[in-house]
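The values are calculated or read from the model by the stated rules, or taken from the named source; none is laboratory data. Everything numeric in this text was worked out from a predicted model, so none of it was measured. Here the Cβ positions follow ideal geometry from the backbone for every residue, glycine too, while neighbour counts run over all protein chains shown.
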Amino acid sequence: MRKKAERRWTVMLVPHGSGASRAVEVSQTFVKALVGIGSVVALTFLVLGIAAISRGVSITRSRALENENRLLADEIQRMRERMVGLRDTLNQFSEREQELRLLAGLNPTDKTVQQAGIGGPAGTWSERDSLATLGANGQQALAARVDLDQLTRRASILTRSLNEAYDSLSRHQERMAATPSIMPTKGWLTSAFMRERVHPILHLARPHEGIDVSAPMGAEIEAPAAGVVTDVRWEEGYGNMLTLDHGFGLVTRYAHCSKILVVRGQRVKRGQKIALVGSTGLSTGPHLHYEVWVNGKPVDPVKYVMPDAIVD
């Protein structure tokens, strides 16, 4: 059987200027080879181009990551420097906290309690192992986390301690406001607190459960502390008598008044005028009989008078 002839093509080459045209005859096999070589060359250039572009993108990303890591490292360093300042501030607060506790009548914070704010982070957290494997920046971030946990615990301890001191000082302030620390009237002490004395009128031995302060008729009597008027009445022997309840088990009584200026249930402040000196009841002259009772028992009022009056 006769073999089929291979297809062939003739290509005419015509110059732009002068010169004879040329005819070039090419076979189908040559054309296929030329197309194959062209495809391989084009594919090669395409692969090389993609690789070049990918490498350029990788380099750009690498540089961007390096820049981000550098910025992150700088920020971590600045944060740790600020933590040093914050630690110094907490140390100053800690010193003040110890002073406040002493003023509040509390024991200083135990050293073992203070140590609770020192050391590594308590418990576990998932980022710890990951940070430890991230090189220098990871180590810096881990150290910053440890410092932050420490400062947080110290701040929490200080907050609880300061709240306790504040509550104690508030209670002390309330108690001091309720403590009869000033003399109710200006005058001369004519009779002291005694377990037993001879009454100047009755001439009988009996307890003297307060002090007598001689003062001019109508002299002002002031509340020695904040309190509530619980009793205003005439009592045999004491005449016009006034009673104040200051809380905390403290009660004061004022006898022989010529006039009482407050009413039952009224709240008074330290230094407020509550009555006038008189000579009502069994009395040899104008004076104030002043008593202080603590938890239902009479005590010497002079022991409660402070050299410098407390002003609310």
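When you go through Val263, Val232, Val292, Val268 one by one, which is the residue that is of a type in the set (A, V, I, L, M, F, W, C) and under 21 Å from Trp188 (Cα atoms)?
Val292
Checking the structure you have, find out if any residue of region 248-261 is among the hydroxyl-bearing types (Ser, Thr, Tyr), within 20 Å of Met306 (Cα to Cα) and modelled with pLDDT of 95 or more.
Looking through region 248-261, at least one residue is among the hydroxyl-bearing types (Ser, Thr, Tyr), within 20 Å of Met306 (Cα to Cα) and modelled with pLDDT of 95 or more.
Collect the residues in region 167-182 that are within 25 Å of Glu291 (Cβ to Cβ) and aliphatic (A, V, I, L, M), keeping them in residue-number order.
Of everything in region 167-182, those that are within 25 Å of Glu291 (Cβ to Cβ) and aliphatic (A, V, I, L, M) turn out to be Met176, Ala177, Ala178, Ile182.
Can you tell me which residue in region 54-84 is farthest from Arg145 (Cα to Cα), limited to those that are in contact (Cβ under 8 Å) with a residue 60 or more places away in the chain and not β-branched (Val, Ile, Thr)?
Out of the qualifying residues, it is Asn69.
Table: residues versus (1) of a type in the set (Ser, Thr, Tyr); (2) at pLDDT below 70; (3) under 27 Å from His172 (Cβ atoms).
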residue	(1), (2), (3)
Asn67	no, no, no
Gln92	no, no, yes
Val113	no, yes, yes
Ala141	no, yes, no
Leu148	no, no, no
Leu151	no, no, no
